[in-house]
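Here is the structure we will look at.
Just so it is clear, none of the values below were taken in a lab; they were calculated from the coordinates. Quick caveat: nothing in here was measured; it's all calculated off a predicted structure. Here the Cβ positions follow ideal geometry from the backbone for every residue, glycine too, while neighbour counts run over all protein chains shown.
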Amino acid sequence: MADTPLVQMRGITKRFGGVTALQNVDLSAHAGEVLAIVGDNGAGKSTLIKVLTGVYQPTEGEIFLDGQKIEFASHAEAIEAGIDAVYQTLALADHLDPAANMFLGNELTKKVLGIEILDLKRMRSETERVLMERLGVKLKSLDAPTESLSGGQRQAVAIARAVYSEGLRVLVMDEPTAALGPQETARTLKLIQAVKEQGLAVILISHSLDDVFEVSDRVHVQRRGQCVGVVKTSDSSTQEVLGMIVGAEEAA
Amino acid sequence: MNTATAKPFSERMEPYIAIIGPMVMILAILLFMGVAEPARYFRATNLNLILLDAALYMPMAMAMTFVITQRGIDLSIGSIAALSSIMMAFLIKQYGFSVYIAVPIAIMLGALMGLINGLIITRFNVPDLIGTLAMDLVYRGFALVIAKGLVLARFPDFLTEIGRGQIPGFVPIPVLIGAATMIAGYVLLTRTYFGRYTIAIGSNPEAAELTGISVKRHKVYAYVLCGACAAIGGILLTGKLNAIQATSAPYFNLHVIAAVVVGGTSLFGGRASMLGSFAGVLLLSMMINALVTLRIEFFWQSVASGVVIVSSVALYTWMQKKDRDGAGGLLAGLQTPDGQKMLRFSALLIGLLIGLLAIGGIFAGDPNPSG
C-alpha cells in the first residue's frame with residue numbers, strides 16, 4: 001500500500017445553502033483494499049459517497065483517480081470513469097430475472113433479419129459466468145424473478161451488475177447488510193472479500209461495527225461533516241472507533 | 001442436474017399463473033355453455049362471432065398491456081378510436097382520399113393523440129388517470145364537433161374486408177390482424193429494449209432511472225403505441241359496422257383494461273402477460289356472447305364485466321401476497337383468521353350477486369322488443 005492510492009478525495013467541502021454537510025474531508029482508498037466509512041447519522045457519510053459517485057458535485061475540493069484529477073457532472077460519468085455504487089435498496093427490478101437486471105440499461109443484442117433484438121441466451125450465460133467466476137455464487141434458478149431470491153443473492157446480482165463492467169475500479173457499497181439476517185450478512189461480507197481480491201477498491205458504508213471489523217482494512221471515521229481520523233482495522237478496536245464516532249476522546 | 005424435478009410444483013407453475021386464471025374461467029364458460037346451450041353456443045357461426053368480437057380488442061389489449069405494466073392507465077382509447085376513425089371517414093367520404101392513404105393517416109392520428117397523452121402525463125406531471133380521463137373528454141368532444149350527429153356509412157370494400165372479411169374455411173380477416181398484433185406485442189415485450197424497460201419501469205421506477213433508462217421517454221412510447229392501436233381498433237370497428245359516428249366505441253376503455261387485468265397483468269406494475277391479455281380478450285368476448293346466447297338482457301354485460309374485474313384483481317393480489325409472506329401453499333393461507341374473514345366476505349358477495357341475478361332473471365322483460 002506504499003504506492004499512490006487508487007482513489008483520493010482532497011479537501012472536499014459540500015454546502016447545501018447555509019448547511020455545511022462536508023468540511024474539508026480527505027479520503028483515500030487503495031486497490032485491493034476495503035475502506036470502511038463509519039459515523040453517526042448526519043455525519044456526512046452519504047454525502048461523501050454521493051460526491052465520489054458523481055451524484056453531487058463538491059463545493060470545494062478535488063478527486064483523483066490513479067493520480068489523475070477527475071470531475072463528474074453526473075453519476076453516469078462516474079460509472080464511465082470506473083466508480084460505481086451498490087445502494088441499500090439494490091436498485092433491482094424485482095419482476096425481472098437476474099440476467100435482465102444485470103444488463104438493465106446495457107442490454108446485449110443480436111440481429112435477426114436485420115432487426116436488433118435482445119440476446120437473451122447470451123445475457124443469461126454471461127450472468128451465470130460473472131456470478132460464478134467473480135463472486136463465486138451459483139443461483140439455483142436464473143429464470144425466476146429476482147424477488148424470489150434471498151437477500152444475499154439479490155445483493156450478489158446487484159454487485160455482479162457493477163463488477164461486470166471491465167472498467168470498474170472503485171465499488172461503493174452503501175449499507176449492504178442493513179436489512180439482512182446474520183447468515184445473509186456473512187454471505188454479503190464474503191462477496192465484498194471476493195470483489196476486493198480482484199484488485200478493486202471497495203468503500204463500505206456501514207452502521208455495523210462488527211461487519212466493519214470483519215471485512216475492512218482501514219476505517220475512516222466521520223463526525224459532523226469532518227473526518228476525525230483514519231485507523232488501521234488491525235491496530236484498532238471497536239471501542240476506539242466507537243469513541244471516535246461519538247467524540248468521547250475529545251471530552252475525556 | 002435434477003433441479004428441474006426438484007423444483008416445487010408451485011415454483012414451476014409461477015410463469016403460467018397469469019394464464020391459468022383466464023383459462024380456468026374460459027373452461028368454466030365452455031363447461032357451463034356445454035350443459036346449458038351447447039347447440040347454439042358451439043355452432044361454427046357463433047364461434048366465428050366470438051372471434052370477430054375478440055379481434056376488435058386485441059390490438060388495444062396488446063398496447064394496454066404495456067401501459068399498465070408501466071404503472072400507467074389509458075382511459076382515452078375509446079375516444080381516440082372514434083375521433084381517428086371519424087377523421088378517416090371524412091377524408092374518404094368528403095375529400096375523396098384513397099382508403100389506402102386514409103387508413104395509415106388514421107393510425108398516425110391515433111399515435112399523435114397518444115403522444116399528446118404521454119406528453120401531458122410526463123411533462124406536465126398530470127396523473128395518468130386524470131390526464132387520460134380529461135383527454136378522453138377532449139377527443140370525444142372533437143369527434144362530436146366534427147361529426148355533429150352524422151353517421152358516416154358505406155365505405156370502400158377494403159375497409160369492410162379488414163373489419164369483417166372472412167377467409168373461406170378459416171377465420172375472419174380481423175382475427176388475423178388482431179392475432180398478428182398480439183404476436184408482435186409478445187416479441188416487443190420479451191425481445192426488445194422497449195419491452196424490457198417497460199417491465200423495469202413498472203417494477204421499480206427509481207432503479208430504472210438509476211440504470212440510465214429514460215423513464216419518461218419510454219412512458220411516452222407506451223402511450224403512442226396505445227394511441228396507434230386504439231386507431232386500429234377504431235378502423236376495425238368502422239369496417240365491421242360499415243359505419244362510424246362520434247359516439248361510437250364508448251366502452252373500449254374499460255373492456256380493454258378488464259381484459260388485460262383479467263389476463264394477469266398487474267395494475268401495480270412490473271408484471272406483464274401478453275398471452276394473458278390474449279386470453280382475457282377471448283374470455284370477455286366468450287362471456288358476453290354466452291350472456292347473449294342465454295338471452296340475458298344486454299345490460300347485464302356490464303355487471304358481469306365488473307364482477308370479473310374485481311374478482312380477478314382480488315385473486316391476483318391475494319396470490320401475490322401469499323408468495324411474499326411465504327405462508328406455505330395457497331390452501332394454508334386460507335386457514336389463517338384473515339383468510340377466513342376474506343372467505344366469508346367473498347361468500348357474502350357471491351350470495352348477493354346470485355340474489356341480484358335471480359331478481360334480474362325473474363323480472364327481466366322479454367328480450368325481444370314487443371310489437
Q: Using a/c under 1.5 as the rounded threshold, could you call segment B:95-147 rounded, prolate or oblate? The axes a ≥ b ≥ c are square roots of the C-alpha gyration tensor eigenvalues, and prolate needs a/b larger than b/c, oblate otherwise.
A: oblate
Q | Using θ = phi - 60° and Karplus 6.51 cos²θ - 1.76 cosθ + 1.60, couplings along segment A:228-238 (whole Hz; Gly, Pro as x) | A | 9, x, 10, 10, 6, 4, 5, 9, 10, 9, 4
Q: Convert 10 °C to kelvin, take the viscosity as 1.306 mPa s, use the Kirkwood radius over C-alpha pairs of segment B:89-227 as Rh, and evaluate the Stokes-Einstein diffusion coefficient in µm²/s, rounded to a whole number.
A: 89
Q: List every residue whose amide H lies under 5 Å from the amide H of B:R271, counting only residues 5 or more places away in sequence or on a different chain, with H placed 1.01 Å from N in the peptide plane.
A: B:S266
Q. In whole Å, what is the distance between the alpha-carbon centres of segment B:239-270 and segment A:6-29?
A. 55
Q.
Which one, B:A89, B:I116, B:I77, is farthest towards the positive end of the dipole of chain B when Lys and Arg carry +1 and Asp and Glu -1 on their Cβ?
A. B:I116
Q. What Kirkwood radius, in Å to one decimal, follows from the Cα pairs of chain B?
A. 22.0
Q. For chain A, what relative contact order do you get, as a whole percent, if you take Cα pairs closer than 8 Å and at least 6 residues apart?
A. 27
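Evaluate 2.2 N^0.38 Å with N set to the residue count of segment B:178-312, then give the Cα radius of gyration divided by it.
Relative to the 2.2 N^0.38 Å estimate, segment B:178-312 comes out at 1.19.
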Q: Among the lysines, select those whose C-alpha is under 24 Å from the C-alpha of B:K219, and discard any that sit fewer than 8 residues away in the same chain.
A: none
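With an 8 Å cut-off on Cα pairs and a minimum separation of 6 or more residues, tell me the relative contact order of segment A:104-252 in percent.
Relative contact order for segment A:104-252 comes out at 15 percent.
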Q.
Largest first and in whole Å, what are the equivalent-ellipsoid semi-axes of segment B:252-298 based on the Cα gyration tensor, each being the root of 5 times an eigenvalue?
A. 24, 10, 6
Q: Mind jotting down the distance between the C-alpha centroids of segment B:148-221 and segment A:45-81, whole Å?
A: 43
Q. Helix-derived [θ] at 222 nm for chain B: sum -39500 (n - 2.57) over DSSP H runs of at least 4, divide by residue count, nearest 500?
A. -25000 deg cm²/dmol
Q.
Let me spell out the model: positive unit charges on the Cβ of Lys and Arg, negative unit charges on the Cβ of Asp and Glu, origin at the Cα centre of the protein assembly as shown. What dipole size does that give, in debye rounded to 20?
A. 1980
Q.
Show me, for segment A:42-57, the HN-Hα J-couplings you get by feeding each phi into the Karplus relation (A = 6.51, B = -1.76, C = 1.60, θ = phi - 60°), rounded to Hz, glycine and proline as x.
A. x, 7, x, 4, 5, 4, 4, 6, 5, 5, 5, 8, x, 5, 10, 9
Q. Counting each DSSP H run of 4 or more residues in chain A as -39500 (n - 2.57), what helix-only mean residue ellipticity at 222 nm follows after dividing by all residues, to the nearest 500 deg cm²/dmol?
A. -10000 deg cm²/dmol
Q | Calculated from backbone phi, Karplus (6.51, -1.76, 1.60) coupling profile of segment B:239-256 in Hz, x at Gly/Pro | A | x, 5, 8, 6, 6, 8, 9, 4, 9, 5, 6, x, 9, 4, 3, 6, 4, 5
Q. Long-range amide H contacts for B:Q166: which residues qualify at under 5 Å (H placed 1.01 Å from N, peptide plane, sequence gap of 5 or more or a different chain)?
A. B:I173
Q. Which is farthest toward the positive dipole end of chain A among A:M244, A:S46, A:I115, measuring Cα position about the Cα centre, with Cβ charges +1 (Lys, Arg) and -1 (Asp, Glu)?
A. A:I115
Q: At a Cα cut-off below 14 Å, give the aspartates and glutamates reachable from B:K240, other chains included and same-chain residues fewer than 8 away excluded.
A: B:D53, B:D157, B:E161
**Q.** Alpha-carbon Debye profile of the protein assembly as shown, log10 I(q)/I(0) at 0.05, 0.10, 0.11 Å⁻¹
**A.** -0.31, -0.98, -1.09
Q. Regarding segment A:31-162, what is the average projected area of its C-alpha convex hull, in nm²?
A. 10.8
Q.
For A:A93, what residues show an amide H to amide H distance below 5 Å, using hydrogens built from the backbone and excluding near sequence neighbours?
A. none
(Q) Below 12 Å, Cα to Cα, which aspartates and glutamates can A:K14 reach? Residues fewer than 8 away in the same chain don't count. (A) A:E60, A:E62
Q. Which of the listed residues, B:A102, A:Y56, B:G264, is farthest toward the dipole's positive end in the protein assembly as shown, when Lys, Arg count +1 and Asp, Glu count -1 at the beta-carbon?
A. B:A102
Q. Shape call for chain A from the C-alpha gyration tensor, a ≥ b ≥ c root eigenvalues: rounded (a/c under 1.5), prolate (a/b greater than b/c) or oblate?
A. prolate
Q) With a 10 Å Cβ neighbour count serving as the proxy for reagent exposure, in which order, fewest first, do B:M342, B:M88, A:M173, A:M244 appear? A) B:M342, A:M244, A:M173, B:M88
Q. For segment B:20-98, rounded, prolate or oblate, judged on the Cα gyration tensor with a ≥ b ≥ c (square roots of eigenvalues), a/c < 1.5 rounded, else prolate if a/b > b/c?
A. oblate
Q) Hey, what did chain B get for relative contact order, percent, Cα under 8 Å, at least 6 apart? A) 28
